[in-house]
Amino acid sequence: MPLCRAGCGVLVNGGSPASQHGTARPLWDRMATTVIVGSGIIGLSTAYYLARQQPASSIHLVDPSTRLFASASGYAGGFVARDWFDPRLAALGALSYEEHGKLAGEHGGAERWGYTRCVTVGYEPRSKTRMSSRDGDGEGQGDWLREGTSRAGVAGGSKSWRGQAPPWLRMREGDAVTVMDGGDGTALVDPLKLCGFLLEHVKAAGVHVHHPATVLSIHRDVRDELASVTIGYTDSSAETETPATRLLLCAGAWTPQILSSLFPLAGSPVRIDPLAGHSLVVRTPGFKLGDESHSVFCTLRDEGLAPELFARANGVIYLSGVNSSNTPLSALATDAQPDEVSLAKLKDIARRLIALPPGEKQELEVVRAGLCFRPVTDRGVPYVTRLKDEQLGIKTRGGGEGGVFVAAGHGPWGISLSLGTGKVMAEMMAGRETSADVSGLGI
């Protein structure tokens with residue numbers, strides 16, 4: 001059990017209450033214990049799969065926010081694809097798509113978090129500068145976000161489809177629509193509701209959730225190996241020393257900061273940049289979205305924007321596409337404040353692209369507005385790996401008993417790749433063969 005105390009100072013590496021009082025340091029059980037830093041969809045997915053192979057009570061989730069899912073995990077579009085990925089991500093993408101369907105089937109995902117297959121189209125209004133949707137796409141996962149091009153340009157798979165454009169899409173003569181997927185390889189979820197389900201599920205299983213809290217320091221055992229961490233609760237003066245032979249860092253854009261804080265000798269092995277993105281969730285008054293769910297990837301060449309619109313199963317439309325790499329990363333996800341100019345731009349795009357029923361004079365209803373930070377990497381793929389001891393400057397237990405791991409930098413694909421990442425990471429931590437090849441996602 002953790003050792004709790006209140007009102008004491010932060011411990012330095014290797015210290016403990018017992019050693020400070022001249023008594024023997026407690027020896028933790030040799031069973032692997034896991035602390036996951038970051039309780040977004042990657043951390044929750046990992047906890048979900050990890051609890052299937054070790055006692056849930058030996059797993060701890062730590063997050064500094066007073067309100068969980070306040071960044072990309074809660075404000076993402078919820079688009080899930082099977083084969084839209086860089087070759088290094090192909091196996092992980094296919095696995096994750098399969099796991100999304102399996103999880104929804106086992107736990108009523110259609111009703112609980114809006115899981116549905118969707119027709120996916122690329123849409124480009126008539127423009128003097130129209131180009132192919134594939135033109136201008138870079139190899140990095142954030143390139144098309146930064147450059148205002150559409151992610152539809154990276155789509156793979158079959159383009160055959162019988163149907164029509166979404167009934168709510170405001171189209172004019174000369175506009176171009178390209179079918180990317182007819183519903184066999186793309187789906188939608190409400191990420192906030194999916195995260196809520198995963199949180200409820202792992203807590204019911206016995207996983208410990210610490211928030212608002214942060215990992216203050218790491219500690220070694222008599223073998224000089226990682227053995228525990230000190231968790232500090234930011235809404236009080238309490239601190240807890242918790243067993244941790246395995247440590248997973250999956251805090252999105254905040255991951256590099258956490259890594260350098262806990263392992264100052266590690267340097268900068270993980271390079272992740274924050275890309276700020278605004279979003280709106282709107283509802284069309286008196287207008288039904290139709291029987292089919294749709295994802296629309298739009299290219300506005302004249303404005304250098306690429307809005308994404310997702311018609312969710314609960315009758316709302318999610319809209320994003322106003323991004324900035326210059327917005328500084330907030331200290332906490334809950335500190336991020338949407339920019340009114342960016343929101344006004346999104347509202348204008350919504351009026352132009354989303355049709356109201358004939359004769360309808362009402363405005364679109366804004367259900368929610370948000371700002372989140374997508375964790376992007378210049379190399380184009382996330383980190384899903386175990387760090388080497390020499391990179392950290394500490395020793396960790398070998399095999400499936402210990403280690404420090406990173407799962408971050410998923411860019412715009414965090415929701416899509418979440419379940420596959422969680423499953424693979426749980427297998428990697430246990431020293432098992434992984435269900436997908438992630439050899440290209442190391443450092």
A 1.4 Å probe over the protein heavy atoms gives the range 39-129 a carbon and sulfur accessible-area percentage of 51
For the residue pair Glu292 and Asp184, what label-to-label distance in nm results when each label sits 7 Å from Cα along the Cα-to-beta-carbon direction? 1.5
Cross-link pairs beyond the 22 Å C-alpha cut-off, checked among Lys203/Lys423; Lys203/Lys395; Lys193/Lys423; Lys102/Lys193: Lys203/Lys395
Surface per residue (accessible, 1.4 Å probe) for the range 70-116, Å²: 35
Give me the aspartates and glutamates in straight-line cross-link reach of Lys345: C-alpha distance below 16 Å, same-chain residues under 8 apart excluded. Asp302, Glu303, Glu308, Glu363, Glu365
Add +1 for every Lys or Arg and -1 for every Asp or Glu among the other residues with Cβ under 12 Å from the Cβ of Gly101, and state the total. -1
Difference of contour (0.36 nm per residue) and Cα-Cα distance, Glu340 to Ala204: 45.0 nm
What size of dipole, in debye to the nearest 20, comes out for the range 195-303 about its Cα centre when the only charges are +1 on Lys and Arg C-beta atoms and -1 on Asp and Glu C-beta atoms? 100
Take each of the peptides 169-181, 301-313, average the number of other beta-carbon atoms within 10 Å over its residues, and list them starting from the highest. 301-313, 169-181
With all protein chains present, how much of the accessible area of the range 312-352 (probe radius 1.4 Å) comes from carbon and sulfur, to the nearest whole percent? 48
At 1.4 Å probe size, with the rest of the protein present, what percent of the exposed accessible area of the range 387-443 is carbon and sulfur atoms? 43
Total formal charge among the other residues, if their Cβ is under 14 angstrom from that of Leu44, Lys/Arg +1 and Asp/Glu -1: +1
Using a 1.4 Å probe, what is the accessible area per residue for the range 171-293, in Å²? 39
Would you mind working out the accessible area per residue for the range 318-440, using a 1.4 Å probe, and quoting it in Å²? 41
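The values are calculated or read from the model by the stated rules, or taken from the named source; none is laboratory data. Here the structure is a predicted model, which means the values were calculated and not measured. Note: ideal-geometry Cβ built from the backbone for every residue, glycine included; neighbour counts use all protein chains shown. The accessibility values were calculated without ligands, DNA or RNA, using every heavy atom of the protein model including side chains. Shrake-Rupley method; radii C 1.70, N 1.55, O 1.52, S 1.80 Å.
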